[in-house]
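Have a look at the structure below, then the notes.
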Amino acid sequence: MRLTTKGRFAVTAMIDLALRQQGGPVTLSAISQRQSISLSYLEQLFGKLRRHELVESVRGPGGGYTLARLARTITVADIIFAVDEPLDATNCGGKTDCATGTDGRPGVCMTHELWSTLNRKMVDFLDSVSLQDLVDQQRMRQLQEASHANGAGVRVNIPATTPPAVVGSKQPALATI
């Protein structure tokens, strides 16, 4: 079982697209440059993503791609399955013809149910993570990196739980993160 570059690149490209589409359609060449993914490979992936109605293409000057649905309605499982990424930990590809014992009888191997359960749990997990979740994580990471690059924390109003320095104060304490 492994997730190949096809699935990884598709998810990465979709995050890039979702982060930038508010400025209009995003070109594959721009995604290619930012993410160091071959343009021809992106074209193949986006053809599949478009056929599965996860992205829409806009032709002409200023054209490119946009999400076909809201990012919160697209799951990582949707993206991976759209690009034909197999997620199967079984030795038989789920066909139940994986007998590997010494008795030579047809059927399933002794660990088939273990790997089938893992398959279901992987799909359930990937189906629980939306593209919006990943976009939000990336934006938070970018904010933290920018904050560290500037050498100062980001000041956020967070009500404090009455630490000694603020007892009796009428304003919430400011926390630096």
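Since every read-out is calculated from the coordinates, none of them should be taken as a lab result. Small disclaimer: the values here were computed from a predicted structure and weren't measured. Here Cβ is always computed from backbone atoms with ideal geometry, including for glycine, and neighbour counts include all displayed protein chains.
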**Request:** Starting from the Cα of Arg141, step 7 Å along the direction of its Cβ; do the same at Leu3; then give the gap between the two resulting points in nm.
**Result:** 1.2
**Fill in**
The residues Arg20, Arg139, sorted from fewest to most surrounding Cβ atoms within 10 Å, come out as Arg139, Arg20
**Fill in**
Taking Ser29, Ser130, Ser36 and counting other beta carbon atoms within 10 angstrom, the fewest-first order is Ser36, Ser29, Ser130
**Length gained when the stretch Ala149-Arg69 is fully extended (0.36 nm per residue, less Cα-Cα span)** = 25.4 nm
